[in-house]
Amino acid sequence: MLMNSPHLGSLLAGVVLFALAVVPAHAQEYGVRFEDVSKSAMGSPPVGPSFGAGAWGDFNQDGYPDLWLGNHALEAQLWVNDRQGGFLDRTKTWMPGMDSVDSHGAAWADFDNDGDLDLIECVGSRFGTGVGPNRLWLSRYPQPFAEVAGLAGLAYPNGRSRTPLWFDWNADGLLDVVITAFESSKSRDVLFTQQPGGGFLPEPLSSGFQPTFQNTRFAQLGDFDTDGKMELLLQSRNFPDSAMEYGPAGFTAIDLPPGMDPVRNVQDVVVGNFDGDFDLDFYLTREPYWSSDEVAIGPDGALRVAAKVRAGELRMVFRCAGTLRAELIEGIDPSFLLLGSQRVPADRLPLVLRQGDRRVWGKQAGTAQEGDAVYLGREPDSDYWECVVASAQETEVAMILRSDEAIKLVSVEGLREREPSPDILLWSSPTEPRYEALDPQFEGRAAVAADFDNDGDLDLYVVQSGAAVNRPNRLYDNVGDEFVEIPQAAGAAGSLLGVGDGVSVADYDCDGFLDILITNGAGLRPLSLDGPVQLFRNQGNSHHWLQIDLIGATTKDAIGAIVQVTTPQGTQRRDQTGGMTRSTQSHARLHFGLGPHEQVSELRIVWPNRKVDIYHDVPADQILTIRQR
């Protein structure tokens, strides 16, 4: 059954200091342009820690995607789409009792097949210092959600959970869920199988579900061997990680396409058919911010430091004639900061040091052998400061020094040097894959593939990060056999505050053009505390489009379905995999850019139970809801 969405009737008819540039006029040459609508759409968008870029899903069934943001260790939020181009924070209305936890990735799905979306939220254990039960928000629409993870068997409090993935592995018509987890003596990746009578039970290793690497951070589905069925990929920092076929008989480990060499230090994996040959290609981001050192002046004029010092010292000299405010890594004892030649321990953090403060007088010589500490001081009547991070073995420091006067970095000694780990674009082939670095110096943190200009192929948006100072994000236009960078990401380069984290995609205003949401709260505090959530609205162009919501006969979400649309330009394929990347869920609605074509000559759906529905001569520029016949 093929239906127009009734609520859309009228629409269906029709060490560097970086600086951002304005959107160039020639951005329109690429057929795409974005506008930052964060404040106009959200009023007061979140600023601060993040873990991924949220989860998009239409929980209230009005056809417009809503947004869940975990905000890491702050209180999560449910932003309800107001259908007028904006969002309202309605967390307390729909999720009463919400409190702050070590929130990680989340995913919407109708796991109980009652016609509305539920949400599973993975929860860590506050850097391994406690327990963190996951939360399962059961929809009782139009009543508020109920949190039922404990009752359902999905709490997994010792799991240090990272990212969930919903799928029906045993083809019984009930969605199951993989919870990826930080590997420890108490936790591992777990497959929870939904029981016919209700609730979930962990699947034993005898089923064949046995990841080969530790510290898996997310899982994805895809037809990696082009056999017309989904396979499961679990991803740690190595690619390819554990790949498995699955079915009622269990799981079997498989190799990804032949000739694929392992890639280390992978942060995120984007799966898509970039060249139209129906082999799945991969974009791998490889920005290793946990192992990077950086000292730089940020866009706000503050001196920002992120470093891991091993048996040595990191020494910085800077000039500042004003009051200095020192902010250090969250939770550290103030006495870790020692002042002046007398090594006076700080009595609080953040610490404000005024010009007449005698505690900071005198500089401290190298002290790595004496233990871990940060030393800060200056000579009397001088605006030259010296800051030394010293460690006898190893210490990790995140620090911001702010002032009401300009800070000028003079010198830095002791920074670790490393070779760049450029992102890799892997073009799959039945014979031998091809590896390509779009930029040999570029390291991304997160990415997403989507047809932003509606020309019929998948483009790439990549979040760039940094250890201490953020970098501009990039947008690559797919021109068929290569990707071309669009200057200033066509207006979506993003903030330089915070530390770049995640990206998700949804057509939040239902105009047929995909919009972008990014988070900038990765890394250690205080560096992540001023990173904003940003929403970029796609300004659109004259190209046509088609969007599809699937409702399956077995599982309502139709996860595992394959959809192909054909126009005179050729055939495109999208797989319903739930929209998952690292700690993030983009909106699961399938989107096709159709270029100049006003009609799809054939729309073909292979449902998860292998049954096929075919429609002909489908008009463009509409959002369809298709129920399995």
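Every number in this text was worked out from the coordinates using simple rules, so none of it is lab data. Values in this document were obtained by computation on a predicted structure and should not be read as measured data. Quick reminder, even Gly has a Cβ in these numbers, built from the backbone with ideal geometry, and neighbours come from all protein chains shown.
What to note about this one:
- Cross-link partners of LYS39 among lysines (Cα-Cα below 24 Å; sequence separation of 8 or more within a chain): LYS92
- Whole-percent P(r), the chain, all Cα pairs, 10 Å bins from 0: 3, 16, 26, 26, 16, 8, 3, 1, 0.
- Ranked by how many other Cβ atoms sit within 10 Å of their own Cβ, fewest first, the residues PHE274, PHE336 fall in the order PHE336, PHE274.
- Mean ellipticity per residue at 222 nm, deg cm²/dmol - from DSSP H runs of n ≥ 4 across the chain, formula -39500 (n - 2.57): -500 deg cm²/dmol
- Max-minus-min Cα coordinates of segment 544-627 on each principal axis give 35, 29, 19 Å, with the largest extent listed first.
- Each peptide in 110-121, 506-517, 412-423 receives the mean, over its residues, of other Cβ atoms within 10 Å, and ordering these scores from highest gives 506-517, 110-121, 412-423.
- A Förster radius of 51 Å combined with the Cβ-Cβ distance from ASP617 to GLU330 puts the calculated FRET efficiency at roughly 0.30.
- Ratio Rg/Rh, restricted to segment 294-413 and using Cα atoms, in which Rh is the Kirkwood radius: 0.92
- Whichever lysines have a C-alpha closer than 21 Å to that of LYS408, once near sequence neighbours (fewer than 8 apart) are set aside: LYS363
- Proximal lysines relative to LYS229, as straight alpha-carbon distance under 29 Å, when same-chain residues fewer than 8 apart are discounted: LYS556, LYS611
- Taking Cβ atoms as reference points and 9 Å as the exclusive limit, the residues near PHE278 contribute a net charge of -2, counting Lys and Arg as +1 and Asp and Glu as -1.
- Spread over its residues, the convex hull of the C-alpha atoms of segment 193-342 is 256 Å³ per residue.
- Computed from the C-beta positions of TYR141 and LYS229, the FRET efficiency with R₀ = 35 Å rounds to 0.60.
- Neighbours of PRO430 by Cβ distance under 11 Å: Lys/Arg scored +1, Asp/Glu scored -1, total -4.
- If you take the alpha carbon atoms of segment 84-124 and fit the smallest convex hull around them, that volume is 125 Å³ per residue.
- Neighbourhood charge, 12 Å Cβ-Cβ cut-off, centred on SER528 and excluding it, Lys, Arg +1 and Asp, Glu -1: -2
- Taking 0.36 nm per residue of sequence separation and removing the Cα-Cα distance, the ALA171/LEU415 pair yields an extension gain of 82.5 nm.
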